[in-house]
Each structure stands twice: as C-alpha cells, then as structure tokens.
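Input: a single structure, listed below in structure tokens.
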Amino acid sequence: MKRYNEKILKATRITTQKILKKSNDSVNKLTHPPRKVSVIGSKLGLLAGTGLLITGTAGTILGYVWGVQVV
C-alpha cells in the first residue's frame, strides 16, 4: 500500500507542477504584452488624453464647467 501511495503522490506532484508551469506562462503572457501592442496602447492613450485636455480647455474658455454653462 505504501508503494501505491508513493506512485500516486509522484503522479500528482508531476501533474501539479505542469499545471503551475502553464499557469505561470499564461500570467507572464498577460502581464507582459508584446512591444507592438504596448506601443499601440501608448499611442491610443496619448490620443485620448490629448483629446480630453483640448476639450476641457475649450470648454473652460467658453465658460462651461462640467458641461454646465456658467453665467
């Protein structure tokens, strides 16, 4: 019985290590995107931020605060 338990524990340990390795690989891929994806994301963020800054500045100059016209 002891030998049987050792075989099961060994098989379980190997399976667990394989699952852990696959999980770590998935996490690494998700948290470290390719350079091309990072560059595209940065450009989109810059574009969105610039648009919001210009819109907010124009609204303030025209007398709007949070979408409400200040008299």
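The values are calculated or read from the model by the stated rules, or taken from the named source; none is laboratory data. Just so you know, these numbers come straight off a predicted model, no measurement behind them. All Cβ positions, glycine included, derive from the backbone under ideal geometry; neighbour counts span all protein chains shown. Areas reflect the complete protein model, heavy atoms only, side chains present, ligands, DNA and RNA absent. Shrake-Rupley method; radii C 1.70, N 1.55, O 1.52, S 1.80 Å.
Assorted remarks:
- In the chain, the longest principal axis of the Cα atoms and the axis of helix 35-61 are about 30 degrees apart.
- Accessible-area composition of segment 2-71, carbon plus sulfur, in percent [1.4 Å probe]: 68 percent
- Length gained on full extension, residue 19 to residue 36: 3.2 nm, using 0.36 nm per residue less the C-alpha separation.
- Computed label-point distance, nm, for sites residue 12 and residue 26 using a 7 Å Cα→Cβ extension: 2.2 nm
- In the chain, the DSSP-assigned H stretches of four residues or longer account for a calculated mean residue ellipticity at 222 nm of -29000 deg cm²/dmol, using -39500 (n - 2.57) per stretch and the full residue count as denominator.
- The chain - accessible surface per residue (Å², probe 1.4 Å): 98 Å²
- Answer label for semi-axes √(5λ) of the Cα gyration tensor in Å (calculated), chosen among (i) 39, 23, 8; (ii) 33, 21, 14; (iii) 59, 16, 4: (iii)
- In sequence order, calculated HN-Hα J values of segment 4-14 (Karplus, 6.51, -1.76, 1.60; Hz; x Gly/Pro): 4, 5, 4, 5, 5, 4, 5, 5, 5, 4, 5
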